[in-house]
Amino acid sequence: TVMAAPMTNDQSWFYSLALGVSFLKCLLINAYHSTDFEVHRNWLALTHSLPVSQWYYEATSEWTLDYPPLFAWFEYGLSHIARFFDKEMLVVQNLNYASPATVLFQRLSVIVADVVFFYAVKECCKCLREGKGKDLLGKPSFILTVLLLWNFGLLIVDHIHFQYNGFLFGVLLLSIARHFQNRHFEGALLFSVLLNLKHIYLYIAPAYGIYLLRCFCFTQSNADGSLQWRSFSVVRLVTLGTIVLSTFAMSFGPFIALGQLPQVLSRLFPFKRGLCHVYWAPNIWALYNIADKAFSILGVKFKLLDINKLPKASMTAGLVQELQHSVLPSVSPLATLVCTLLSILPALFKIWHRPNGARGFLRCLVICALGSFMFGWHVHEKAILMAILPLSLLAVESREDVRIFLMLSVTGHYSLFPLLFTTQELPIKIFLMLLFTIFSLTSLKMLFRKGGALLNPLEATYLLGLIPLELICEFVYPLTVWQKTFPFLPLMLTSGYCALGVTYAFIRLYISLLTCSDTTKKTKMQ
């Protein structure tokens with residue numbers, strides 16, 4: 001059954017929020033942009049200028065095409081509009097080209113593509129359990145809309161740093177909404193399209209696979225919720241398989257016909273990269289790296305290790321991709337894969353054994369996203385949004401999920417601060433982060449008035465600790481003598497401190513999944 005409540009009859013507030021955030025994005029057009037800006041400009045150029053057979057071989061720029069084919073076609077489509085702004089951006093040899101017209105076009109392309117995200121958020125709001133007689137500010141749908149449309153992470157990653165995550169998350173959220181609405185074929189199709197736009201979403205594919213097999217291909221359960229084997233529908237399985245395979249065939253077909261599949265896959269899965277990204281994402285491997293660095297420094301200090309025999313990367317910047325561990329064993333891609341699978345298996349078993357509907361699926365999806373973030377190979381810090389955004393849907397319905405959401409969103413969003421390292425963006429990121437955090441705390445507290453504080457003293461103290469951490473890293477440390485000797489220390493402190501919060505949220509999420517079901521633990525919203 002679909003527990004869906006329509007949004008309030010007057011939906012002008014939704015359009016006001018959407019227009020407001022779009023206006024804010026326009027104000028950020030001339031803000032700092034990262035190398036990802038040049039990445040996407042290069043992809044516009046190569047898809048526009050070269051035949052399809054050369055797309056995944058072209059290497060004039062170091063930023064080669066490493067997204068799946070559907071995204072390449074998306075860039076190809078954009079390139080035909082781009083030529084009306086500035087044809088020079090479509091020349092492959094024009095490396096680091098960023099004329100005002102180019103900046104305007106690329107920024108506007110992200111803003112316009114976010115229309116998909118707006119529609120998805122609207123559909124997600126229809127799936128919420130709404131209380132009657134609440135004023136607008138106390139409605140779950142209003143709070144969810146702000147938490148998603150005005151999400152701090154998406155604003156800085158897409159509209160300052162530069163990427164197309166809003167558009168991609170729009171496809172994901174729309175897929176989730178379709179499963180809530182029992183439109184499972186549409187949900188499966190949208191997720192297949194998403195995988196062919198950006199393959200990082202493979203991390204949450206196990207949640208989709210198990211859920212659809214258990215709750216859709218098996219049409220009935222026993223009275224106690226256990227599986228009724230005789231209810232298996234071959235037709236549904238074949239239809240789902242056809243949807244998924246046809247999507248992949250359309251996407252990869254031309255490259256398979258050209259005999260280029262191995263080349264495409266080598267671009268999509270570059271395991272030659274190191275364990276961690278340039279800036280360590282706040283996960284288990286960040287804590288592992290910090291422990292290795294600490295052991296190596298102590299080893300040298302107490303003359304247990306020879307400094308000349310240590311890998312250079314372990315004692316210098318700490319930011320190179322190929323990180324060699326000095327004391328602890330080096331981690332292989334296979335080891336990270338095993339750890340990731342082990343971290344999500346209990347959640348997959350739970351939705352197979354006791355599915356608990358679309359909400360159980362959503363909780364499992366968040367755990368898959370967070371598990372892969374915690375233990376994956378070469379994880380980007382931006383991947384934390386894959387857990388924060390879907391968790392927002394659960395946070396407006398359950399007090400326990402509010403606690404997890406606040407811990408994960410505040411910590412995860414703060415961990416994105418090092419992406420914007422320019423002075424002029426400092427007040428912007430601090431202001432937007434404070435705005436989003438204060439809204440999250442006050443609105444969710446209003447939603448769950450009864451039951452005391454949302455966070456316990458230890459959790460609140462940990463989050464408040466981010467303030468002195470920011471002051472030290474941004475203002476105090478650059479003035480010290482250690483800045484030249486240990487330039488990596490502020491990043492290491494940020495990564496390590498945030499890793500503790502993300503790990504805590506992951507553990508709490510698992511406890512909530514394994515100890516009680518949604519149906520028994522939902523707190524009535526006051």
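The values are calculated or read from the model by the stated rules, or taken from the named source; none is laboratory data. Computed from a predicted model, the values in this text were never measured in an experiment. When we count neighbours, we look across all protein chains shown, and the Cβ atoms used for this are built from the backbone with ideal geometry, even at glycine. We work out accessible area using only protein heavy atoms, side chains counted, and drop any ligands, DNA or RNA first. Shrake-Rupley method; radii C 1.70, N 1.55, O 1.52, S 1.80 Å.
Points to keep in mind about this one:
- Available extension along the chain between Ser233 and Val300 is 17.7 nm, counting 0.36 nm per residue and deducting the alpha carbon span.
- Phi-derived couplings, Karplus 6.51 cos²θ - 1.76 cosθ + 1.60 at θ = phi - 60°, listed residue by residue for region 22-36: 5, 5, 4, 4, 5, 5, 8, 4, 9, 6, 4, 10, 8, 5, 4 Hz, with x used for Gly and Pro.
- Residue-by-residue Karplus 3J(HN,Hα) for region 292-303, coefficients 6.51, -1.76, 1.60, Hz, glycine and proline x: 5, 5, 4, 4, 5, 5, 5, x, 5, 4, 8, 6
- Spin-label model distance (nm) - Ala291 vs Leu458, 7 Å beyond Cα toward Cβ: 1.9 nm
- From the coordinates shown, Rg and Dmax of the Cα atoms in Å corresponds to which of (1) 23.5, 72; (2) 46.1, 183; (3) 31.1, 99: (1)
- Under 5 Å, built H, 5+ apart or other chain: amide partners of Val379: His277
- Rg over Rh [alpha-carbon atoms, Kirkwood Rh] for region 7-57: 1.29
- Efficiency of FRET from Cβ geometry, Thr60 and Ala257, R₀ 22 Å, rounded to 0.05: 0.30
- Region 118-164: radius of gyration and largest Cα-Cα distance (Dmax), Å: 13.0, 41
- Here is the result for region 136-187: no chymotrypsin sites (Phe, Trp or Tyr not before Pro) lie in DSSP coil with at most 11 other C-beta atoms within 10 angstrom of their C-beta.
- Whole-number percent relative contact order across region 284-516, with pairs defined as alpha carbons under 8 Å at least 6 apart: 24 percent
- Dividing the summed -39500 (n - 2.57) terms of all DSSP H runs of n ≥ 4 by the residue count of the chain sets its mean residue ellipticity at 222 nm at -19000 deg cm²/dmol.
- Computed P(r) (all Cα pairs; region 63-145; 10 Å bins; percent): 14, 32, 21, 16, 13, 3, 0
- Anisotropy class of region 174-227 from Cα gyration tensor, a/c 1.5 cut: prolate
- Loop exposure criterion: trypsin sites (Lys or Arg not before Pro), DSSP state outside H, G, I, E and B, at most 12 other Cβ atoms within 10 Å. Applied to the chain, the longest stretch between such sites is 304-448.
- Scalar couplings 3J(HN,Hα) for region 490-506, obtained by applying the Karplus form with A = 6.51, B = -1.76, C = 1.60 to θ = phi - 60°, are x, 5, 5, 4, 4, 4, x, 5, 5, 4, 5, x, 5, 4, 4, 4, 5 Hz; x denotes Gly and Pro.
- Accessible-area ranking of Tyr462, Tyr504, largest first, probe 1.4 Å: Tyr504, Tyr462
- Shown are Ile111, Ile511, Ile290, whose ranking by accessible area with a 1.4 Å probe and every protein chain present, most to least, is Ile511, Ile290, Ile111.
- In region 284-516, one over the average inverse separation of all distinct C-alpha pairs is 19.5 Å, which is the Kirkwood hydrodynamic radius.
- For Phe232, residues with placed amide H under 5 Å, excluding near neighbours: Thr219
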